[in-house]
Amino acid sequence: MAKKSEEEEDKEVKKRDGPQLTDLPGIGPAVAAKLEAAGIFDLMSLAVMSTSTMADKAGVGEAVARKAIQAARKMLDLGFIDGTEFEKRREDIMNITTGSVSLNNLLGGRGIETKSITEAYGAFGSGKTQLGLTLAVRVQLPVENGGANGKCVFIDTEGTFRPSRIKQIAEGIGANPEKVLKNIFVARAFNSDHQILLLEKISEMITNGEPIKLLIVDSLTAHFRAEFTGRGELADRQHKLNKYLHSLMSLCEKHNIAIYVTNQVMANPAQMFGDPTTAVGGNIVGHASTYRMYLRRGKQGSRVAKLIDSPNLPDNECVFFVTEKGVVDEI
Ligand code: GTP
Ligand code: MG
């Protein structure tokens, strides 16, 4: 079979990702491009806009804007569900302990949770990967011991996965190192397209009965950041990253799994006070992550985690340590 042209592949990706901006009445490619340039890539962002803002950003009349917004809302089924239905959807949520009670508490009491994306961003050596490796081991514990009695998928974009470290952490908490290692599926993602493709594979594995309860992407943004470096490429990068995050969100909702992603920081020279670093990917990643933590080194070998912009928890800080047992409360 002849190789598909890029255009064809693009179309297929679009079909897979559901309705696009151009599927809305009155929105052709030119208007869609204007919206994208203003940071609006998907129906959800458009559905929550006011008519006048949309008209302004897209350069269309208010009537066209109103029609498009209404259509987007309809397509997304932005209705209400009653409280009991909402409660039911949250009923099967499971938690995975981080290994540290104070870090668990920071995240609402029982560690990271399924149907959510938890993001840790911070400088190199701040403990992002170590927390990931700890979670990869602890997800396998029985529920009564803070696990989810499940397996883990580790998408490694930087070649930092260390089997020996997994075994050490497993041994440290009294688990069988070989068994624990066998329950972690590792895939090295060589570029962002590969990273995206791997999600389909995970869905397939779960459908085929693998009891996967945790997906780790370490790092979420490194490939995207390295591949889109030129001026004017930022919008393309954000678009692709946004799509990827949406796929992650539907994956964790659909299969009731927890997702833990790591993210780098970049210097923010505009910030004059406090820590002048911000997470790569900015608001797009921030909005997609249910829990977002900033990790940094603290005093005497400790690590400090700060919860940022959580919808239902207070912004707070806690201290933990990284030892041979992985993440713990104290040394
Ligand atoms: P980047 O991926 O470079 O951005 O950093 P990161 O945030 O992922 O850092 P990582 O989680 O790899 O943390 C590395 C740090 O964890 C090391 O500098 C050590 O301080 C600590 N660490 C790693 N392995 C061990 C270990 O076996 N024992 C102890 N005590 N500490 C360890
Ligand atoms: Mg790392």
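The values are calculated or read from the model by the stated rules, or taken from the named source; none is laboratory data. For clarity, every value in this text was computed on a predicted model and none was experimentally measured. Please note: Cβ atoms are built from the backbone with ideal geometry, for glycine as well, and neighbour counts cover all protein chains shown. Only protein heavy atoms, including side chains, enter the accessible area calculation; ligands, DNA and RNA are left aside. Shrake-Rupley method; radii C 1.70, N 1.55, O 1.52, S 1.80 Å.
Structural remarks
- Of the residues examined, residue 282 is not one that is at pLDDT below 90, open to solvent by less than 40 Å² (accessible area, probe 1.4 Å), small (Gly, Ala, Ser) and at negative phi.
- Hits in the stretch 162-191 - residues which are over 27 Å from residue 93 (Cα atoms) and of a type in the set (A, V, I, L, M, F, W, C): 189, 190
Yes/no per residue for (1) more than 19 Å from residue 139 (Cβ to Cβ); (2) within 16 Å of ligand 2 (Cβ to nearest atom); (3) touching a residue at least 24 places away in the same chain (Cβ under 8 Å); (4) surrounded by fewer than 15 Cβ atoms within 10 Å (Cβ to Cβ):
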position: 186; (1), (2), (3), (4): no, yes, yes, no
position: 201; (1), (2), (3), (4): no, no, no, yes
position: 216; (1), (2), (3), (4): no, yes, yes, no
position: 225; (1), (2), (3), (4): yes, yes, yes, no
position: 239; (1), (2), (3), (4): yes, no, yes, no
position: 248; (1), (2), (3), (4): no, no, yes, no
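- Qualifying residue in the stretch 238-256 (condition: within 16 Å of ligand 1 (Cβ to nearest atom) and not in a helix (DSSP H, G or I)): no
- Residues of the stretch 295-321 that are of a type in the set (Asp, Glu) and assigned to a strand (DSSP E or B): 317 alone.
- Residue in the stretch 116-133 that is buried (at least 22 other Cβ atoms within 10 Å of the Cβ), charged (D, E, K, R), touching a Leu at 6+ places or on another chain (Cβ under 9 Å) and at pLDDT 95 or above present: yes
- Filter pass, residue 265 being within 16 Å of ligand 2 (Cβ to nearest atom) and closer than 30 Å to residue 149 by Cα: no
- Residue count for the stretch 147-168, restricted to those that are open to solvent by 20 Å² or more (accessible area, probe 1.4 Å) and either closer than 19 Å to residue 213 by Cβ or within 16 Å of ligand 2 (Cβ to nearest atom) (or both): 10
- Every residue from the stretch 37-96 that is part of a helix (DSSP H, G or I), surrounded by 12 or more Cβ atoms within 10 Å (Cβ to Cβ) and β-branched (Val, Ile, Thr): 51, 53, 64, 69
- Given (1) of a type in the set (A, V, I, L, M); (2) within 16 Å of ligand 2 (Cβ to nearest atom); (3) farther than 30 Å from residue 162 by Cβ, number of the condition residue 71 does not satisfy: (2)
- Residue pairs whose Cβ atoms lie under 7 Å apart, separated by 6 or more positions or on different chains, with the first residue in the stretch 110-135 and within 27 Å of residue 177 (Cβ to Cβ) and within 8 Å of ligand 1 (Cβ to nearest atom) and the second hydroxyl-bearing (Ser, Thr, Tyr) and open to solvent by less than 10 Å² (accessible area, probe 1.4 Å), are 120/262; 128/262; 129/262; 131/98; 132/260; 132/262.
- Residues in the stretch 188-235 that are aromatic (Phe, Trp, Tyr) and within 16 Å of ligand 1 (Cβ to nearest atom): 224 only.
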